[in-house]
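Just so it is clear, none of the values below were taken in a lab; they were calculated from the coordinates. None of the values given here were measured: they were computed from a predicted structure. FYI the Cβ positions are ideal-geometry reconstructions off the backbone, even for glycines, and counts take in every protein chain you see.
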Amino acid sequence: MPDWVQDAIWWQVHPLGFVGAERDAVDTVTHRLPRIVGWLDHLVALGCNGLALGPVFASSTHGYDTVDHLRVDPRLGDDADFEALVAAAHDKGVRVLLDGVFNHVGRAHPAFTDPARRHWFRWDGDEPAVFEGHGALVELDHTQDDVVQLVVDVMCHWLERGVDGWRLDAAYAVPPEFWARVLPVVRERFPEVYVVGEVIHGDYAGIVGESGMDAVTQYELWQGVWHGLAEGNLFETAHALQRHDGFLEAFVPWTFVGNHDVTRIVDQVGEPLLPHALVLLCTVGGTPAVWSGDEFGWHGIKEHRAGGDDAIRPEFPADPLAVEGGAVFALHQELVGLRRRHRWLHRARTEQLHLTNEQLVYRTAADGGALVVALNLADEPAVVPSSGELVAGRGEVRGRDLELPAHGWAVLAG
C-alpha cells in the first residue's frame, strides 16, 4: 500500500447522478464534470483529501454497463473536462480514484458483437454469462490473456492521465488470480497506485493476499455498525470490531457507513444515532470514505427495482452554498478533524472495556497513541466505566465513571 494512503479520507461521488445526467446514453457531449470541480472546496472543508469517483466511462445507462473504457461518458463531458477535474483536484492536494468495472461490460460494448473477440466473454453455448441475473451485463472471461491486457491497458491509460488509484467494481466476482496477473504489470509502471476491491463477503484477507490488491471494502463492519445501532444490539457491533481488528493484521480495509449501493445511514439508524455511526467510522482502523450527501444528513432508501438507486444518488446543485451545512456537516468536520489529528488511527486496534446491549466503551490505539470511545444508545442517561480528558462529544467524568446523556457519545484521551 502506498504511504500516502495513511492520510487519505475519501469523499465518494456517483458522477452521473451528481450532475443530473440523462438516464440513458446520448451522443451529444454535455460538459457537466465542471460541476464536480465546483465542489472540491467543499470536499476540503469537510476534511477529506480524496475524490472517489463512480463510473465516468461511456456506458448505456447507470455507468456500470460500460461500452468504451477509454472514453469519458458524453453525458459528463470529454477528455479535456476530465483532465481539468484531475488537475483542479491535485492543485488542492486531493487524490482521485476511478471506478473500474472489469467483471462485465454492457451488451452495447463493440467487443460483444465482434466475432474476433468472442473469446473475451464467458459463454454457455450460445448464451453469454451475465452478472447476477442482469441480462444487460455480460461477463468477461478472466482466463483470457486478451482480457488481462485489456484491463492493464485501461488502468494504465487513466493513470497516465493523472489518477491516483482504482476501485475495482464487483471484485468479489473476479478470480483473485486474474488480479495477480494484472496488478504487478500496472504497478511496475505506477508504483504509487492504490487499488481497493469491492468485496462484500468472503475471506477478505485471503482475497487481498491472493489478488495483490491493497484493500477491500469492509462490508462486515458496515453491517455490524448500522444493524447493531438500529437494533440496539452493540454485541453485534462489538463482534464486528473484533473481526475488523483481525483484518487489520493483514491489510487496512476501506471503511464506510454509506455508499452508492445502500440505503443512507440516517435512514438505517435514525437521526439520534447517526453520530454514533460516524464516531465508529472515524475512530477505528481503516481508510474511511464519506458518501456524498451523508455529511448533510440526506435521506435516501435503496429499492430493489429499476431506478431503485435514484434516491441514494441524487443530483447536487451547481453551487455548494445552496446546501445548508447544519449540525450534521459540523459533526463530520469535527470527527474527520479528530481523525486527522491522530494519524495513527489508520491502523488502530480496539480493546473493548465495557459492553451491554445499549452501551459500548472501547479503547482504540496504535503507535503509542490512544483514545477511549463511549457510546450510549439508550433513551436515558447511562453511567459507564471510563475516565480521562473529554476530547469530543458530551459527558461528565466522575472519578472512574463517565455519565453519558441519552443517545450520547464521547471521545476521551486514552
Consider segment 4-54. How many of its residues are charged (D, E, K, R) and under 19 Å from the mean Cα position of the chain (by Cα)?
1
Here's a check for you: in segment 142-160, which residue that is buried (at least 16 other Cβ atoms within 10 Å of the Cβ) and without any contact (Cβ under 8 Å) to a residue 40 or more places away in the chain is farthest from N103 (Cα to Cα)?
L159
Residue ID - surrounded by the fewest Cβ atoms within 10 Å (Cβ to Cβ), chosen from residues in segment 42-67 that are in contact (Cβ under 8 Å) with a residue 60 or more places away in the chain, touching a strand residue (DSSP E or B) at 6+ places or on another chain (Cβ under 8 Å) and of a type in the set (A, V, I, L, M)
L46
Being of a type in the set (K, R) and over 19 Å from the mean Cα position of the chain (by Cα) narrows R340, R349 down to just R349
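For segment 217-237, what are the residues that are in contact with a helix residue (DSSP H, G or I) (Cβ under 8 Å, 6 or more places away or on another chain) and more than 17 Å from V262 (Cα to Cα)? Let's see the steps before the verdict.
Restricting attention to segment 217-237, the residues satisfying the condition of being in contact with a helix residue (DSSP H, G or I) (Cβ under 8 Å, 6 or more places away or on another chain) are 218, 220-221, 223-230, 233-237.
Within segment 217-237, N233, L234, F235, E236, T237 qualify.
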Given the residues V216, V252, V163, which is the only one that is within 14 Å of G286 (Cα to Cα) and in a loop (DSSP other than H, G, I, E, B)?
V252
Test set (1) under 30 Å from G285 (Cα atoms); (2) in contact with a helix residue (DSSP H, G or I) (Cβ under 9 Å, 6 or more places away or on another chain) - G77 fails condition number
(1)
Flagged pairs (Cβ under 9 angstrom, 6 or more apart or on separate chains; first in segment 170-193, farther than 18 Å from V147 by Cα and touching a residue at least 60 places away in the same chain (Cβ under 8 Å); second of a type in the set (V, I, T) and crowded, with 19+ Cβ neighbours inside 10 Å) are V193/V163; V193/V186
Among the candidates V154, V105, single out the residue that is in a helix (DSSP H, G or I) and within 25 Å of the chain's Cα centre (by Cα).
V154
Selected residue (criterion: surrounded by the fewest Cβ atoms within 10 Å (Cβ to Cβ)) from residues of segment 11-35 that are farther than 20 Å from H332 by Cα and β-branched (V, I, T):
T28
Determine, yes or no, whether V225 is touching a residue at least 24 places away in the same chain (Cβ under 8 Å), part of a helix (DSSP H, G or I) and β-branched (V, I, T).
yes
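Could you say which residue among G258, G212, G202 is in contact with a helix residue (DSSP H, G or I) (Cβ under 7 Å, 6 or more places away or on another chain) and either buried (at least 23 other Cβ atoms within 10 Å of the Cβ) or in contact (Cβ under 8 Å) with a residue 60 or more places away in the chain (or both)? Write out each step before concluding.
Details: G212 fails: either buried (at least 23 other Cβ atoms within 10 Å of the Cβ) or in contact (Cβ under 8 Å) with a residue 60 or more places away in the chain (or both); G202 fails: either buried (at least 23 other Cβ atoms within 10 Å of the Cβ) or in contact (Cβ under 8 Å) with a residue 60 or more places away in the chain (or both).
The match here is G258.
Show me the strands (runs of 3 or more DSSP E) found entirely inside segment 351-414 where at least 3 residues are farther than 24 Å from G224 by Cβ and free of Cβ contacts under 8 Å to residues at least 24 places away in the same chain.
Details: elements: 359-366, 369-376, 382-385, 390-393, 396-398, 401-404, 409-413.
Filter on segment 351-414 gives 396-398.
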